[in-house]
1. Given points 7 Å out from each Cα along the Cα-Cβ axis, report the residue 513 to residue 632 separation in nanometres with one decimal.
2. Give me Rg over Rh for the stretch 642-758, both radii from the alpha carbons and Rh done the Kirkwood way, two decimal places.
3. Mind running the shape call on the stretch 303-359? Use the C-alpha gyration tensor, a ≥ b ≥ c as the square roots of the eigenvalues: rounded below 1.5 for a/c, prolate if a/b tops b/c, oblate otherwise.
4. Can you list, bin by bin at 5 Å, the percent of alpha carbon pairs in the stretch 117-215, starting at 0?
5. At a 10 angstrom cut-off on C-beta neighbours, averaged per residue, how do the peptides 565-573, 201-209 rank from highest to lowest?
6. If packing is taken as the average count of other Cβ atoms within 10 Å, what order do 702-708, 652-658, 252-258 fall into, highest mean first?
7. Strictly over 21 Å apart at the Cα level, which of 540/585; 297/770; 637/711 would you flag in this model?
8. Compute log10 of I(q)/I(0) for the stretch 545-631 with the Debye formula, placing one identical point scatterer on every Cα and leaving out solvent, at q = 0.13, 0.19, 0.23, 0.25 Å⁻¹, to two decimals.
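Taken together, the values in this text are just the output of simple stated rules run on the coordinates, not laboratory data. Since the model is a prediction, treat every value here as computed from it, not as a measurement. Glycine gets a Cβ as well: all are built from the backbone with ideal geometry, and neighbour counts include every protein chain shown.
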Amino acid sequence: MLLPAAPETGDIAHWRATLKAGRAQLAESYASKPDAASNLRRHAQLVDEVLRAIWLSAAMPASAALVAVGGYGRGQLFPYSDIDLLLLFDTPPARDVESRLERLVGLFWDIGLEVGHSVRTVSECVEESAKDVTVQTNLLEARLLSGNDALFDALHQALSTQMDRMAFLQAKLLEQQQRHARFHDTGYNLEPNLKESPGGLRDLQTVLWISHALDLGESWKNLVDEGLLTAQEARHIQRHELFLQRLRIRLHYLARRREDRLLFDFQETLAQQLGLSGQGNRSASELLMQRYYRTAKAVSLMNEILLQNLLSRASARRDAPPLPLGTRFQARDQLLEACDENIFQQEPDAILECFLVLQRHRELKGIAAPTLRALWRAVPGIGAAFRRDPRNRARFMEIIRERRGLTHILRRMNQYGVLGRYIPAFGRIAGQMQHDLFHVYTVDEHTLMVLRNLRRFTVAEFAHEFPLCSRLISTFERPEVLYLAGLFHDIAKGRGGDHSRLGKSDARRFCRQHGLSPEDIEMVGWLVESHLTMSAVAQKEDISDPDVIAAFGRKIHDQRHLSALYLLTVADIRGTSPKVWNAWKGRLLENLYHATCRYLCGESPAGEALQERQVEALGILRQLAVPESSAQNLWAKLDEGYFLRHEAQEIAWHTRVLGNVKDDAQPVVRARLAPSGEGIQVMIHTPDRDDLFARICGFFEHINFNIVEAKIHTTRQGYALDSFVVLDEEQRASHYRDLLNFIEYELARQLSEAKPLEAPSRGRISRHLKHFPITPQVSIRPDDKGTYQVLSVTAGDRPGLLYGMARVFLAHGVHLHTAKINTLGERAEDTFLIAGNSLDKARAVLRFEADLLQQLQS
């Protein structure tokens, strides 16, 4: 059959203009009257009309059909969503038809339609559907646009006959589980995906796909008619679905592209479009996101209830006899049931008992849907009287003290709204964002991550991850004080003021009400108040200085307090973001822990510590067959401060390399894998000069490495003996070893050539930092000994930041003694011990601070 020529360019222009005008009208209409259902339906109808017209003009074979599938097949189309099409044929198309199809699909793209298409026969559709649940799901919502009705009916009949309903249900449950895992099983990331995240639109669509496959209906009303939903629950779901649809429509229009992530770039504008405005110290975007997180929590709950009901309906099994679990609960089909669904209303203390029973019976997979429904209805009744009831207080502490299942049960209690009702302060942080550039979760999700980390320390299978933490917690009596401290450590965030002090008051009150001993009340309150202290000392102060250790040790009551604070600190840092924790920070905290242990035991004053370190270093050198004369040659050039600030293995490394090196103008650069197991440690020995630190910073900036620690020492002969720990900005640890020779050669060459310093780069700042900027802060104060000045800098991190500061040091004649470069996500909190003649003059210090601030803001 001879087919007519492809449509003319004029037709393309016409259809493009038609589509553009129609979409513009839809956007204008939505801006004036935001009706989500109408927008989605009318957008699909607009595309229907254009596609039908093009299909008819292309004069495709009468035996073919144009079919909408996927979300477009539902008759709903978001402003910039893909358009999924099936080009259906009775037999494989001939070559000339294939050529025509290629031009047709190209035309779709030319007029502005982002099309995802497949060309198949009915038998091919059935075959692909059987192999791939995604294809099967797309075809489930197939809708004929144009072409052969009989062929489309044949497809529908073939797919219905081929459908294995139970297999489809199980495949969709697995698909949802895998999708949730991609988001770390949380919908509470700071930039969630409206479509794919747990609690997003996809969780609602999954329910309707399964109900459709089971012939139970394609809408929430159908599920009400089938007895799977109550009318109240259907209204509840529709309200949350409508909110998510409105957000997604507005997000597409704002981004002018298919964008389903609630990026920081759009959150404030979206909030304003929805009529939200800031309240107190909370911005409009924070209020928007809190509403989103609460919607996601409700969607997740209804998803769980409905999927259970659908599974029960699909399996059509006869109820197995229940296994009694006390007088009020029973187990059936690995789910917890209430013996009487009215139990929560009649006896509210059964609410916490429900979670305790679930926690104690690990064979149970969850709570049965009817019991979940009853629990959902009862949760609003948790009030002051419930919280005062001694039975509920005792039961909550039983949950906290259970040896297993605490993390999972608290997550469930949070998801179902029980935890926020029982601890109202926790309810206020549910869904609360944190714009500090290093937390990537909401406050409540971060808190549960910290509890998860604490509990993980107790599991023998994970002892290899943090051996010291696992050893400490295994002998820690009454570990519930750790869990309560973790639960309350950030509970006062968002109130204004010092959240550690405010949280301490909440924690102490809660502990008194729940019958803890005075000793444990003091411990929990102290941990909440002090939970940031150990991290600050380890990452910002010189922990090789005995005075620093002594000052920190005086804040610690005893070994039990030290162990508790160390455990909470590690769990807290690891719970902020997968990117914040690294081995270098772990080593700093561990070193501080051991040094403080020695202080609390009254061991090793400074002189004894120095001698012990030298003896240990000599032992290492003997094992390496390095003669003691090498140590004598080098150590005679070094003062006491060097030995206090370097560990024995570092001293041995320096000695092995430099013990027989004669002082000359040629720099010596050596690199090795850092002892922490992450990053590279670099040693530099060269005649000291004012621009040395700036040159080293410039080199590492050029190769995209971050300096995280710098120890600067000048020998008695005027040579720099500097040590740096550097990390790859992209954290590609696998190639560290490959770069050792490169760093040694290139850095030595550049230090030898002494070319003029290059200007610092002006790298792009992150989106997060762009929308939530940090006002740079600089402070200078004398150290406790009056020997150096302590420079503290807080700023948004970006490429070239440290190099730029080093150039300011150079311009003002400021010399660096030590540096702690602490990057928390995208927030830099750096501390330097500095010296220089200009720092003795008030005006010079003010000029130095002003230049630093200018550099940090540029």
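1. Distance between label points: 7.2 nm.
2. Values: Rg = 13.6 Å, Rh = 14.6 Å.
Dividing the radius of gyration by the Kirkwood radius yields 0.94.
3. On the way: a/c = 2.14, a/b = 1.63, b/c = 1.31.
Note, shape of the stretch 303-359 comes out prolate.
4. Going out from 0 Å in 5 Å bins, the stretch 117-215 shows 2, 12, 21, 19, 16, 13, 9, 5, 2, 0 percent.
5. Details: 565-573: 24.6, 201-209: 21.2.
Result, highest mean Cβ count within 10 Å first: 565-573, 201-209.
6. On the way: 702-708: 18.3, 652-658: 21.3, 252-258: 14.9.
The packing order, highest mean first, is 652-658, 702-708, 252-258.
7. Working: 540/585 11 Å; 297/770 29 Å; 637/711 17 Å.
Pairs exceeding the cut-off: 297/770.
8. Listed by q, the Debye log ratios stand at -0.59, -0.92, -1.07, -1.16.
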